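See below for the structure under consideration.
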């Protein structure tokens, strides 16, 4: 397969864009950055097409590129200056001491059920984000992308058994994190 051929590259893009975008969103947690990572994935695939090994799966190669770009973004994020939510809002022309965090507050209280759902989702996201890189990636590829252990092993350069062990450890950490947060049933037992 020649990824420098626009027709073939377009076919590969159409076949893989959704899964790669979803992976990037889940890894970096930001839709705009995920779009940039998706585009950069295909730019790299085009400019480094000669590094693709014949006989391999293009999708596996693309997932690896996307994952590496996502991790690069996460590492770089640590060193970027972040705007403080406690900084005063100056663009409104008012000098009433309003802060950015005050502009985020909602005037309408959401329904209790929605709040609980959001709390649970936030907790799960936070727990997944706290997992080590390898375990987080295995969870995302398995649970959200439906990849087999063999496919994940190819993407990560591991054995299928190592992938299974990573998933087991991740599930245990997630279970105990949910239990600590009071979101797991008290009688539930740890997985495996």
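Since every read-out is calculated from the coordinates, none of them should be taken as a lab result. It should be emphasised that the depicted structure is a prediction, and the values quoted were computed from it without experimental measurement. Glycine also receives a Cβ, built like all others from the backbone with ideal geometry; neighbour counts cover every protein chain displayed.
If you stretched the chain out fully between residue 31 and residue 54, how much longer would it get, using 0.36 nm times the residue separation minus the C-alpha to C-alpha distance? Please list the in-between numbers first.
Details: separation 23, 0.36 × 23 = 8.28 nm, distance 3.23 nm.
Once the chain is fully extended between residue 31 and residue 54, it gains 5.0 nm.
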Next on the checklist: Sorted from largest to smallest, which semi-axis lengths in Å does the alpha carbon gyration tensor of the range 1-59 give for its equivalent ellipsoid, taking the root of 5 times each eigenvalue?
Outcome noted: 22, 11, 10
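Compute the Cα gyration tensor for the range 122-176, then decide on rounded, prolate or oblate, letting a ≥ b ≥ c be the square roots of its eigenvalues: rounded whenever a/c is under 1.5, prolate when a/b is larger than b/c in the other cases, and oblate in all that remain. Please report the intermediate quantities before stating the final value.
Working: a/c = 2.17, a/b = 1.74, b/c = 1.25.
Verdict is prolate for the range 122-176.
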Checklist entry - Taking neighbour Cβ counts within 10 Å as the exposure measure, how do 12, 43, 124, 155 sort from fewest upward? => result 43, 124, 12, 155
Checklist outcome for this item: Rounded to the nearest Å, the spacing of the alpha-carbon centers of the range 7-35 and the range 144-160 is 18 Å
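Once R0 is set to 41 Å, what does the formula 1/(1 + (r/R0)^6) return for the Cβ-Cβ distance between residue 121 and residue 46, expressed as a FRET efficiency to the nearest 0.05?
Values: r = 36 Å, r/R0 = 0.88.
The calculated FRET efficiency here is 0.70.
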